[in-house]
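The values are calculated or read from the model by the stated rules, or taken from the named source; none is laboratory data. Since we're looking at a predicted model, the values are computed, not measured. Every residue, glycine among them, receives a Cβ derived from its backbone with ideal geometry; neighbour counts consider all protein chains shown.
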Amino acid sequence: MTGTVHIVGAGPGDPELITVKALRLIKEADVILYDRLVNEQLLAEAKPEGQLVYCGKSPGAHTMSQEQIHRKLVEYAMQGKNVVRLKGGDPFIFGRGGEEALALAERGIPYEVVPGITSALGAASAADIPLTHRGMSASVAFVTGSRCSSPETRIRWDLLAHSVDTLVIYMGITQLEQIRTELLMHGKDADTPTAIVENGSTDQQRTVTGTLGLIHKQAAAMKIKNPALIIIGASVKVRERLNLLVMDAIHQVG
Ligand code: SAH
């Protein structure tokens, strides 16, 4: 009997932000193939005899190639194992979950995709930044920042600069200068409120807010590193208002 491969989202970092279904699958799995951004506390939920396989993938230093991962998934499933492929955030948001589902489907291996809270949502909540806000932002786009330099998969910054209210950019920290330049060049206002959230929803979260014109300087001063998200749009300002109100309330109580 061929086993099933569950392609599972582990959530954004806070181990409690996982679905009930994902946690059950982790507990039942014979083998878990997990990525770098998965909170290790979740792996402690695996059954004692459950096998844990690290698939790595830090930028520029891949432990296993995507093809090797596909091969492993197929191999374990063919052995009749109950497989969990555990990924940070959501498997279908910049998680290559689609490629893995295709690789399994091509070989007739049963699979199921279990969504997770993507880091954009986890980080935005933890940083008090609503991604949509009545009167400020009626649309949001999730964009990859890692494709800035390759012409064949070019991101349409010219269109994104004007057609979407809130931009959330994944994998953009090393390309921050280029992303800023693209947006400014295409007429995005340098005063547009901008935030960067590093290690969102974890106890190591750091948040920096400023404007599109100056955010790179602040990020450099704070030595912001991956994993981090760039959030660009008017609703970033709501964070400030919330923080002030909360501070006032604390003062009044004190
Ligand atoms: N599938 C994942 C995204 C993988 S791409 C998801 O749905 O969240 C990797 C990128 O995700 C990182 O470069 C970073 O931009 C973002 N990311 C993941 N976890 C994060 C976190 N806790 N805080 C901020 N950004 C995070």
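Looking across GLY210, GLY187, GLY233, one residue alone is more than 16 Å from the ligand (Cβ to nearest atom), more than 21 Å from PHE142 (Cβ to Cβ), modelled with pLDDT of 95 or more and surrounded by 15 or more Cβ atoms within 10 Å (Cβ to Cβ). It is GLY210. Cβ-Cβ contacts under 6 Å between residues 6 or more apart (or on different chains), taken from a first residue in region 9-33 that is in a loop (DSSP other than H, G, I, E, B) to a second residue that is away from the ligand (no atom under 13 Å from the Cβ), are listed as ALA10/LEU42; PRO15/GLN41; PRO15/LEU42; ALA29/GLY50; ALA29/ASN82; ALA29/VAL84; ASP30/LYS81; ASP30/ASN82.
Just checking, does region 74-88 include any residue being closer than 26 Å to ASN199 by Cα, in contact with a His (Cβ under 9 Å, 6 or more places away or on another chain) and within 13 Å of the ligand (Cβ to nearest atom)? Checked against the condition, which is being closer than 26 Å to ASN199 by Cα, in contact with a His (Cβ under 9 Å, 6 or more places away or on another chain) and within 13 Å of the ligand (Cβ to nearest atom), region 74-88 yields at least one hit. Being assigned to a helix (DSSP H, G or I), away from the ligand (no atom under 13 Å from the Cβ) and not basic (Lys, Arg) is the requirement here; does HIS70 meet it? Against the criterion (assigned to a helix (DSSP H, G or I), away from the ligand (no atom under 13 Å from the Cβ) and not basic (Lys, Arg)), HIS70 qualifies.
Is it true that some residue in region 38-54 is assigned to a helix (DSSP H, G or I), β-branched (Val, Ile, Thr), on the phi < 0 side of the Ramachandran plot and crowded, with 17+ Cβ neighbours inside 10 Å? The answer is no, given that none of the residues of region 38-54 is assigned to a helix (DSSP H, G or I), β-branched (Val, Ile, Thr), on the phi < 0 side of the Ramachandran plot and crowded, with 17+ Cβ neighbours inside 10 Å. Residue under question is GLN218, and the condition is that it be polar (S, T, N, Q), farther than 19 Å from VAL143 by Cα, outside the structural domain of ALA10 (by TED's automatic domain parsing) and surrounded by fewer than 18 Cβ atoms within 10 Å (Cβ to Cβ); does it hold? When the stated conditions are applied, GLN218 passes them.
Of all the residues in region 106-137, those that are outside the structural domain of PRO15 (by TED's automatic domain parsing), more than 18 Å from ILE93 (Cα to Cα), touching a strand residue (DSSP E or B) at 6+ places or on another chain (Cβ under 9 Å) and more than 10 Å from the ligand (Cβ to nearest atom) number 7.
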